[in-house]
1. So how many residues does the range 302-316 have that are in contact with a Lys or Arg (Cβ under 9 Å, 6 or more places away or on another chain) and surrounded by 18 or more Cβ atoms within 10 Å (Cβ to Cβ)?
2. Every residue in the range 371-390 that is within 15 Å of Leu434 (Cβ to Cβ) and either in a helix (DSSP H, G or I) or out of contact with any helix residue (DSSP H, G or I) (no Cβ under 6 Å at 6 or more places or on another chain) (or both), please.
3. Is it the case, given these coordinates, that Ala292 is assigned to a helix (DSSP H, G or I), more than 24 Å from the chain's Cα centre (by Cα) and either surrounded by 15 or more Cβ atoms within 10 Å (Cβ to Cβ) or touching a residue at least 12 places away in the same chain (Cβ under 8 Å) (or both)?
4. If I ask for residues that are under 46 Å from the mean Cα position of the chain (by Cα) and either of a type in the set (Val, Ile, Thr) or surrounded by fewer than 12 Cβ atoms within 10 Å (Cβ to Cβ) (or both), which ones from the range 421-436 would you list?
5. Considering Arg37, Arg28, which residue is in contact (Cβ under 8 Å) with a residue 12 or more places away in the chain, under 31 Å from the mean Cα position of the chain (by Cα), under 20 Å from Arg156 (Cα atoms) and part of a helix (DSSP H, G or I)?
6. Pick from the range 254-276 the residues that are surrounded by fewer than 16 Cβ atoms within 10 Å (Cβ to Cβ) and over 9 Å from the mean Cα position of the chain (by Cα): which of them is nearest to Arg207 (Cα to Cα)?
7. Would you mind telling me which numbered condition in (1) at pLDDT below 95; (2) aliphatic (A, V, I, L, M); (3) touching an Asp or Glu at 6+ places or on another chain (Cβ under 9 Å) Ile113 fails?
Amino acid sequence: MLPAQVGELLGRLRAAGGRAWLVGGTVRDLLLGVVPRDYDIATDLVPAQVARVLPEADHRHADLGACRVPSANGPVAITSLRADGRYGDHRHPDSVRFVREPEVDAQRRDFTINALYLDVERNEILDFTGGRRDLAERTLRTIGDPRRRFQEDALRLLRGVRFAARFDLEIEAATAAAMVETAPTLSVLSPERTFAELCDAFTSRGRGHALRLLVELGLAAVVLPEVAAMRGVTQPPVYHPEGDVLTHVCLVLDHVPEGDLGLAWSAVLHDVGKPPTWRLAADRIRFDGHDALSARMADGILQRLRASTELRDLVVEICEKHIHFAALPQMRPRRRERWMRTPHFRRHLEFHRADCLGSHGKLEIYEFARATLEQLPPVEAPLVVGKDVLALGIAEGPDVGRLLARVQAAADESPTPMSRDEALVLLRDMVARLRQG
C-alpha cells in the first residue's frame, strides 16, 4: 500500500545515515486497512541534514523541524524527532528541541492512535503510548494529561471530534471531560483554520455524529453557537418523527453525499433559523419564515468563517429554497421548468432527498421532480433578449436584466403560451411604466 515515492524518501533519509519511520495517521490508517489520506515521515536527522538530503522540499517551517515534499499522492510531511516547549498561543510551541529517540517524540503528539511509528524496512511498529490497544478497543485517548494536551493546541479539540466520528471511536472519559473544560480555547483559532477543520469533519465518514459531538461537548457553542442552539428545539412529530432540530440536521448531514462541501454546509445550516422562529400555534409547532432567516444566518456564519463566495451563494440558495419542494408538483409548468433549468437545481434535488430521509422518509416529490427533470424538452430560445430592451432606449445596467426577468416570469405564469410578439408588447408596456416611475 506504500507509494513508490514515499518509499524512495524513506530510503534517501536512511542512506544519509538517519533512521526514518512512517508515523501518525499514516500508520493508523494502514492498520485499519484504509488507504492513508496523507503520508507522514519522522526521522532522527535534524532539519539542516534533512535540507541537504531533500533540497526539493519546502523548508519554510524548518524551525519546527518540518518540511514537505511534493508527490503524486500529495505533499509528504517529514518531521525531525523533537520535544516541544510550552505553547504560549494555544496553537504552536514556543520552542522545540530536536532529539534522537522516537519515544520522546511520541510524548508531544495528540492522541495515542496517532503516535505509532512504522519501520518499513523491518516491518516493525513502535508503540510507546498504547495506540494499538486503543485502536483495537475503539478508544480515543490523549497522550498524557488531556487538559494539558488541549490547552497546548486548541485545534486538537476539533481533530479529536473528527477522529472519533470518522473511525467510530468512544472518547475516553477523562479526554471527553477535558474537551468540555477547554472548549473556550477554540476562540483563539483563526476563522480559516476552524473552517478547514469543520469542512473536513462535515464531509467525512461519520459526519452527522461529528456534528452531534461538537454540540454535546460544548465546542459548537464556541465556533457555531447558532447550530448549538438547535439542540432540544422540538418539531411537529407528523413531519419530523426523528426528534428535535439537531437530530434532524445530523441525519440530513449523514444523507448528503460524502465529500460534497456545498451540500454538507447546507445540511448543517438549512434549519439554523428554526430556534428563533419556533412558536406553538393552535394546530402545531410552526417555524414561520425560517427558510429566509436560515439563508441570512447561513450567509453571516459562512462570512465569519471566511468561506468562499461561491460556497456561500450555493448554501444560501439551498437554505432559501429547501421548503419550496413541497409546492413543486402544484407549480405552473413553466414556472417549475424555469426553476429546474437553474444551474444548481440538481444540487437542490439531491439535498431535498437527504432532507426527506432525515425526517419523514417520504420521497414522492423527489421521484416526481427527478422524473420531470429527465423529461424536460430542449431549451427554447428566450422570448425577448437584451438587445430588445436596449432598442427601447434603456441604458445598459441592472434594469435590463430586471425587465427580462419580469417578462419571463409573466410568460411562465401565463395560462396559455406567450408568443414573441406578445412578449414585445408586454416589454414596451413595462418600459413605459418604468419611465413613469
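1. Matching residues across the range 302-316 total 3.
2. Residues of the range 371-390 within 15 Å of Leu434 (Cβ to Cβ): 384, 388-390.
Asp388, Val389, Leu390 - these are the residues of the range 371-390 that are within 15 Å of Leu434 (Cβ to Cβ) and either in a helix (DSSP H, G or I) or out of contact with any helix residue (DSSP H, G or I) (no Cβ under 6 Å at 6 or more places or on another chain) (or both).
3. Against the criterion (assigned to a helix (DSSP H, G or I), more than 24 Å from the chain's Cα centre (by Cα) and either surrounded by 15 or more Cβ atoms within 10 Å (Cβ to Cβ) or touching a residue at least 12 places away in the same chain (Cβ under 8 Å) (or both)), Ala292 does not qualify.
4. Val431
5. Working: Arg37 fails: part of a helix (DSSP H, G or I).
One residue alone meets the criteria, Arg28.
6. Only one residue tops the list, namely Glu258.
7. (1)
For (1) assigned by TED's automatic domain parsing to the domain that holds Glu337; (2) not in a helix (DSSP H, G or I), each residue gets a yes or a no:
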site	(1), (2)
Arg353	yes, no
Cys356	yes, no
Lys362	yes, yes
Tyr366	yes, no
Ala369	yes, no
Arg402	no, no
Ala409	no, no
Arg428	no, no
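The values are calculated or read from the model by the stated rules, or taken from the named source; none is laboratory data. The structure displayed is predicted, hence computed values, not measured ones. Because the Cβ atoms are built from the backbone with ideal geometry, glycine has one as well, and the counts that use them run over all protein chains shown.
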